[in-house]
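Only one structure is covered here, and it is reproduced in the block below.
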Amino acid sequence: MKKFEYYRPESLKEAYGLMEKWKGKADYIAGGTDIIVRIKQGVVRPDALVSLRGIEELRARSLNGGLTLGSMTRFRDIERDPSISRDYPALKAAAGWLANPQVRNVATIGGNICNAAPSADSVPPLLVMAADAILEGPGGRRKIALEQFFKGPGETDMKAGEVLTAIRLPEMPDRSGSAFMKMGRVTQDLAVVNAAAFVAMEGDVCRKCRLAAGAVAPVPMRLRQAEKIVEGRKIDRDLLDRVAETVSQEVSPITDVRSTEAYRRIVSGVLVKRAIAAAVEAAAAS
């Protein structure tokens with residue numbers, strides 16, 4: 001493994017200064033569960049790593065007219081937060097599915113997002129709950145819809161020197177629910193397919209639906225064709241079967257060491273169907 005310099009700044013300003021000093025030859029590191037593996041594999045070869053662990057403001061989280069998660073929020077903290085379990089159950093479920101407790105004790109939501117893996121477990125729940133990414137760098141602060149953040153496998157909209165400082169989710173409306181589903185080869189593996197659903201109900205009719213899936217396209221994707229089938233209709237078995245068929249056609253998976261394209265198409269439809277049913281059940285209980 002290539003040797004590199006390691007820094008642990010205590011403020012964002014200090015972090016920006018270090019990145020400017022290394023002129024594109026340094027990378028930020030959060031929990032380290034992704035980038036260290038990539039360095040060992042020779043996929044990335046930075047001359048320096050700038051750790052975000054010492055920047056206290058990136059650990060903050062609040063629930064006030066919506067949920068704000070600092071990018072250094074650990075998955076273990078998300079998994080254990082009762083307010084997230086109550087108001088954002090799909091995100092809590094995704095945190096519980098990620099790897100194992102040892103990894104969740106150090107892995108951060110910001111790292112999971114910025115790694116830009118198509119299979120990232122945290123992203124489909126965040127997409128269906130209309131999350132925004134808050135980015136900050138030498139050029140100032142900006143907000144971007146998370147759906148627009150991903151440009152390709154390992155590629156994001158972040159500019160040189162920028163840090164993902166927080167994720168913001170709006171307050172969930174009454175009579176709404178969300179759910180997350182995942183299929184992997186084994187419990188702790190990366191997703192073969194993952195999926196999330198959000199529904200806002202009016203009686204038995206769905207007035208708003210957002211669906212997303214991961215590991216079925218170059219980036220985690222919203223399933224807009226399937227969403228149109230659900231909105232304005234009563235959700236029953238026939239409708240869910242139509243959704244599953246639409247999803248299997250809407251996704252664009254590949255064959256790799258984890259699964260085949262054909263299997264991913266089938267499973268994506270099944271998982272979205274199950275996620276919608278679970279989200280409807282959660283809405284009824286809210």
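Every number here is computed from the coordinates shown, using simple stated rules; none is lab data. Model, not experiment: these values are computed from the prediction. Please note: Cβ atoms are built from the backbone with ideal geometry, for glycine as well, and neighbour counts cover all protein chains shown.
A few points about this structure:
- Long pairs among K92/K234; K3/K25; K21/K159, criterion Cα-Cα beyond 21 Å: K92/K234
- Euclidean distance between Cα centres, the range 3-21 to the range 204-264, Å: 42
- Considering only K23, K208, K92, the mean-square fluctuation computed in a Gaussian network model of the chain, springs between alpha carbons under 10 angstrom, is largest for K23.
- Oblate is the label for the range 5-51, because a/c, from the alpha-carbon gyration tensor with a ≥ b ≥ c as root eigenvalues, is 1.5 or above and a/b does not exceed b/c.
- Counting neighbouring beta carbons within 10 Å and listing from fewest to most, the residues K273, K25 come out as K25, K273.
- With q set to 0.07, 0.12, 0.14 Å⁻¹, the log10 of I(q)/I(0) for the chain, from the Debye formula over equal scatterers at the Cα positions, is -0.26, -0.74, -0.98.
- In the elastic network of the chain, a GNM with C-alpha springs shorter than 10 Å, the most mobile of I39, I29, I55 is I39.
- Anisotropy class of the range 42-164 from Cα gyration tensor, a/c 1.5 cut: rounded
- A straight line joining the Cα centroids of the range 23-63 and the range 123-200 runs 18 Å.
- Extension gain, K234-V205: 0.36 nm per intervening residue step, less the Cα-Cα distance, totals 10.0 nm.
- Between K151 and Q249, full extension at 0.36 nm per residue minus the direct alpha carbon distance yields a gain of 33.1 nm.
- With an a/c value of 1.5 or above and a/b not larger than b/c for the gyration tensor axes a ≥ b ≥ c computed over the alpha-carbon atoms, the range 1-107 is described as oblate.
- Fraction of alpha-carbon pairs over 23 Å apart in the range 176-286 - percent: 23
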